[in-house]
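Okay, structure first, notes after.
The values are calculated or read from the model by the stated rules, or taken from the named source; none is laboratory data. None of the values given here were measured: they were computed from a predicted structure. Counting neighbours? That spans all protein chains shown, and the Cβs are built from the backbone with ideal geometry, glycine included. The accessibility values were calculated without ligands, DNA or RNA, using every heavy atom of the protein model including side chains. Shrake-Rupley method; radii C 1.70, N 1.55, O 1.52, S 1.80 Å.
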Amino acid sequence: MQNKTRCAWCEKDDLYRNYHDNEWGKPIYDDETIFEFLILETFQAGLSWYTVLAKRENFRSAFDNFDLLKIANYSEEKIAELTEDAGIIRNKLKIKATVTNAQVFIKVQEEFGTFSKYIWGFVDGKPIDNQPKTLSEVKATTPNSDALSKDLKKRGFKFVGSTVVYAHMQATGMVNDHVMDCWTRK
């Protein structure tokens, strides 16, 4: 893994390199994985992605394998239980937002057929390839993430500011921000 040229942000350790090499920036069209990344990105708000990535399996266990329908129906007791789970980020507002986001996610599915169809509509159904030469050329937000963030908020989603949304777009391959000499572009 170490002998490949990668985006510099992922060279912290093998957890980051593996995520970069096998997931980050690869187009995702299935609602289950899009929802997982949405949960993880909203917990990342104000924290480092590495913090969330290191706790990903704990999140998977705590949030019923990211089962959308189960999460949408979490009780106050389940929310309280999650705020005591040391394996995840125990931010009560983010935990409650996850329940709200699951409920709204379902409404979007009902309206558009799939959440994927809805969200990919913000990039005309195909990844935007920004072709950055260096990490300094990678933006934190774009007009697309601004528009998507605004629409998500209007629909009732929480913790979906433009920076969080752009990170989600990068993670799910809606945009390709791998630097030009990164081996994943080959």
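Quick rundown of the values:
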| read-out | value |
| --- | --- |
| Ranked packing of 109-115, 158-164, 42-48, most packed first, by mean Cβ within 10 Å | 158-164, 42-48, 109-115 |
| Segment 56-186 - percent of accessible surface contributed by carbon and sulfur, probe 1.4 Å | 51 percent |
| Mean Cβ neighbour count within 10 Å, used as a protection proxy, ranking 90-97, 54-61 highest first | 90-97, 54-61 |
| Distance from segment 146-173 to segment 52-124 (C-alpha centre basis), Å | 14 Å |
| Accessible area per residue, Å², segment 53-130 with all protein chains present, probe 1.4 Å | 53 Å² |
| Mean separation of Cα contacts under 8 Å (6+ apart) over length of segment 1-103, as relative contact order % | 23 percent |
| Amide proton proximity set for ILE128, modelled H, under 5 Å, gap of 5+ | VAL175, ASN176 |
| ³J(HN,Hα) computed for each position of segment 24-39 - Karplus, 6.51 cos²θ - 1.76 cosθ + 1.60, integer Hz, glycine/proline x | 4, x, 8, x, 10, 10, 8, 4, 4, 6, 4, 5, 4, 5, 5, 4 |
| Per-residue SASA entry for HIS168, accessible area with 1.4 Å probe, Å² rounded to 10 | 10 Å² |
| Highest to lowest packing among 147-156, 29-38, scored as the average C-beta count within 10 Å | 29-38, 147-156 |
| Förster radius 22 Å - calculated FRET efficiency between LYS150 and TYR29 (Cβ-Cβ, nearest 0.05) | 0.45 |
